[in-house]
Amino acid sequence: MSDRKILGFVEVEGNEVTKLFVSGAAAGSGVGKALMVKVIGHIRKNGKIRIYLEATTTARDFYRKLGFVETGTGTFSQGGAAVSLEIVKMELV
């Protein structure tokens, strides 16, 4: 938090990072990296070695810099939405 504003958050289910959000105002400031470093430590502390996530193609390089590698591709759409996003499936060992 900065000046009592939430700059980002991360959600985890088991050993999968299900959501990472950083506000536009905080983009590029290290908030996303700090959240991911914290959550990777948390997952590993709980005995999980492999960490999974699905990312948009625009976020692929961000996760690569953290050590994630691509394990597949796919698409994501919310409910019955006509629009779908191309995603990459990634893993950190």
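Any read-out appearing in this document is the output of simple, stated calculations on the displayed coordinates, not a laboratory observation. All values reported here derive from a predicted model rather than from experimental measurement. Note that we place each Cβ from the backbone using ideal geometry, even for glycine, and neighbour counts take in every protein chain shown.
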Practice problem: Under 17 Å between C-alpha atoms is the cut-off here; go through the chain and count lysine pairs that meet it, provided they're at least eight residues apart or on different chains. | Solution: 7
Self-check item: Glu70 versus Glu11: modelled label distance in nm, points set 7 Å from Cα along the beta carbon direction
Solution: 2.6 nm
Exercise. Calculate for the chain the 222 nm mean residue ellipticity that helices alone would give, adding -39,500 (n - 2.57) per DSSP H run of length 4 or more and normalising by residue count, nearest 500 deg cm²/dmol.
Key: -6500 deg cm²/dmol
Exercise. Compute the relative contact order of the range 1-69 as a whole-number percentage, counting only Cα pairs closer than 8 Å that sit 6 or more residues apart in sequence.
Key: 28 percent
Quiz item: Length gain on complete extension for the stretch Lys48 to Lys33, per 0.36 nm per residue less the alpha carbon to alpha carbon distance?
Solution: 3.4 nm
Quiz item: Measuring from label point to label point, each 7 Å out along Cα→Cβ, what is the Val83 to Thr58 span in nm?
Solution: 1.1 nm
Quiz item: Length gain on complete extension for the stretch Val93 to Ala25, per 0.36 nm per residue less the alpha carbon to alpha carbon distance?
Solution: 21.4 nm
Practice problem: Compute the semi-axes of the equivalent ellipsoid of the chain, taking the square root of 5 times each eigenvalue of the Cα gyration tensor, and list them largest first in whole Å. | Solution: 21, 19, 13
